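Right, one structure below, let's go through it.
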Amino acid sequence: MAYGPKIIDHYENPRNVGSFGTQQEIKQRTDVGVGLVGAPECGDVMQLQIKVDQATGKIQDAKFKCFGCGSAIASSSLATEWLKGKTLDEGLAIKNTEIVQELSLPPVKIHCSVLAEDAIKAAIADYKTKNGIPVDDHDHEHAHH
Amino acid sequence: MALTLPIYLDHAATTPCDPRVVEAMLPYFTKVYGNPGSRNHRFGWEAEDGVDRARQQVAALLGANEKEIVFTSGATESNNLAIKGAAEMYEKASAGSGQCRGHIITCKIEHKAVLDPCKRLQKEGFEVTYLDPPRDGVITRAMVEAVLRPDTILVSLMWANNEIGTVSEIREIGALCHEREIVFHTDATQWAGKMPTNVERDNIDLLSMSGHKIYGPKGVGALYVRRRKPRVRLVAQVDGGGQERGFRSGTLNVTGIVGLGKACEIAMAEMDHEGERLLRLRKRLEQGIAGGLDHVQINGHADKRLPHITNISFGFVEGESLMMACKDIAMSSGSACTSASLEPSYVLKGLGIGDDLAHSSLRFSLGRWTTEAEVDYTVSKVVESVNRLRGLSPLYDMFKEGIDLTKIEWAHH
Ligand SMILES: Cc1ncc(COP(=O)(O)O)c(C=O)c1O
Ligand code: FES
């Protein structure tokens, strides 16, 4: 199966790779939310971090790390780009189907985009929990498989 | 010599045809096109001569008699004929009797072309033991002996494994089967034509092989069927015109058979020299990669293995993304996260390698025209890509921070 140019671009030049600190530091930072989804045994683990400007409530910066196939790497890279500048609600509105469309992911790779949506939701939920903001049920809702 | 990309390191999947093989085949498409079954004109006789020569070439490679070679469409068909054909011939009770029709021994890391016929036989009243391989992948005589039963009628074990290249104790297991009068089949698809084979010395009753793994054409293979001490009989699985002494009906694939024969002849002549060369190259590849990276593991027994196949796990990096990084190099991934099932290779899992490492594994298989320059390019490309992907890997970060990855509560899908 050949990959589309956008997947390859994100895979070869991933945007916003990294982390806002060690796992320990991140846990303590209230301006950062982390989503860690997937499992090594499943062949995919995605870690997505958002840094929120606490004055405006907007996502100032986002970073990711990913153990997974090229499509998973591209999906998480794209997610960090899209998250920057968004409010939490706008972030929650990102759908895996939009990632599929933007990257032209083939059907067998849809679950990689699902993982990215799950990571976004988990990171926002983590931020909210840390800051005593109630987490809506639908925040946790699984992306559309 | 200049390096040309892409590089093909997937010879365990299939090999290019040797030009000498193609040359031997060509006249049989347009000049010697007769049906070897046509016994009353020269077109038929000439085609038959070509098939006869190929039969001798295959037999010579295996240390067999030419009357013991049955041509098939490949190793999948050879395995089906051997396993189903022997089970049906040597059954202890007939179908529908409600009794166990006989016991068969095989192994969990066999090719699907062995496992699936066995599964079908299970549905049809046979009992099958699937041996759990040890971590090094080598099946021994003692492992087989431990599960033998008075009603065991067939043992089927691959000579060399296609994913990790490890070699089992075939000669010893064959001896055991002969002592107990049990039919012994080996899927030698990856072994024959690469390593010295002698069905007498190695105590084999049935042996499957395939043309396209040994620089011959695709869609042709052979099954060796022992004719004496003991004579092994099979129930045919393809009925029709009675070709191949009734074992396998259908007009012979003359061009393919001629190509298979030529491929066997070349393999036999060049095996020793080629094996040494491939072993040197494989060691160069393994040492280059292991020397350039930490947390890599070569899967399967260190020495009991084919010269040209190696399977390497790269900790903290997912196999498919690594293949994408090395897109100029054709190899195969132990990870099958591409499928909806997210299942990693059942062979690596069967060895107890762990699903996480199984997702992080690549198989490199070298071939007749693989060069040192290609190996060196592969080493540097793999080392560079693993390092880059580890830079992206959350697991590598956690590992470096001293977090025990097995203690994390992963959200399993
Ligand atoms: C061990 C083994 N058995 C059987 C087969 C099937 O061979 P063929 O493609 O000739 O049917 C293969 C090749 O994929 C193999 O590696
Ligand atoms: S992460 Fe599983 S195929 Fe992409």
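The values are calculated or read from the model by the stated rules, or taken from the named source; none is laboratory data. Just so it is clear, the structure is predicted and the values come from calculations on it, not from any experiment. Glycine gets a Cβ as well: all are built from the backbone with ideal geometry, and neighbour counts include every protein chain shown. The accessibility values were calculated without ligands, DNA or RNA, using every heavy atom of the protein model including side chains. Shrake-Rupley method; radii C 1.70, N 1.55, O 1.52, S 1.80 Å.
Temperature 20 °C, viscosity 1.002 mPa s: under these conditions the Stokes-Einstein estimate for chain B, based on its Kirkwood radius over C-alpha pairs, is 95 µm² per second.
For the protein assembly as shown, report the accessible area per residue in Å² (1.4 Å probe, heavy atoms, rounded to an integer).
Values: 22800 Å² over 558 residues.
Here the per-residue accessible area is 41 Å².
Applying the criteria of a DSSP loop state and at most 15 other Cβ atoms within 10 Å to the trypsin sites (Lys or Arg not before Pro) of region A:77-123 yields A:Lys95.
Projecting the Cα atoms of A:Thr129, A:Val17, A:Cys112 onto the charge dipole of chain A, computed from C-beta unit charges around the Cα centre, puts A:Val17 farthest toward the positive end. Of the listed residues B:Leu351, B:Leu26, the order by accessible area with a 1.4 Å probe, largest first, is B:Leu26, B:Leu351.
Using the Cα gyration tensor of region B:1-106, with a ≥ b ≥ c the square roots of its eigenvalues, what is the shape: rounded (a/c below 1.5), prolate (a/b larger than b/c) or oblate (neither)? Oblate shape, in that a/c is at least 1.5 and b/c is the bigger or equal ratio. Basic side chains Lys and Arg get +1 at the Cβ, acidic Asp and Glu get -1 at the Cβ, and with that the dipole of chain B about its Cα centre reaches some 1060 debye. The residues B:Asp132, B:Asp294, sorted by heavy-atom accessible surface at 1.4 Å with ligands and nucleic acids left out, run B:Asp132, B:Asp294 from largest to smallest. Label sites at B:Lys304 and B:Arg149, each approximated as a point 7 angstrom past Cα along Cα to Cβ, lie 2.5 nm apart. In this assembly, the B-A interface accounts for approximately 2800 Å² of buried accessible surface in total, computed with a 1.4 Å probe and without ligands, DNA or RNA.
Computing FRET efficiency as 1/(1 + (r/R0)^6) for B:Asp49 and B:Trp369, where r is the C-beta to C-beta distance and R0 is 22 Å, gives about 0.10. Dividing the radius of gyration of the alpha carbons in the protein assembly as shown by their Kirkwood radius gives 1.06 for Rg/Rh. If you take all other residues with their beta carbon under 14 Å from the beta carbon of B:Gly34, and give Lys and Arg +1 and Asp and Glu -1, the sum is -1. Given a 1.4 Å probe and every protein chain left where it sits, what share in percent of the accessible area of region B:58-125 is carbon and sulfur? Exposed carbon and sulfur together represent 45 percent of the surface. Largest mean-square fluctuation among B:Glu286, B:Glu163, B:Glu77, in a Gaussian network model of chain B whose springs join Cα atoms under 10 Å apart, belongs to B:Glu286. Once the convex hull of the C-alpha atoms of region B:80-207 is built, how many Å³ does it hold per residue, rounded to a whole number? About 94 Å³ per residue, rounded to a whole number.
When the residues B:Ser97, B:Ser38 are ordered by accessible surface, computed with a 1.4 Å probe over the protein chains alone, the sequence from largest down reads B:Ser97, B:Ser38. Each other residue within a Cβ distance under 15 Å of B:Arg120 adds +1 if Lys or Arg and -1 if Asp or Glu, for a net charge of -2.
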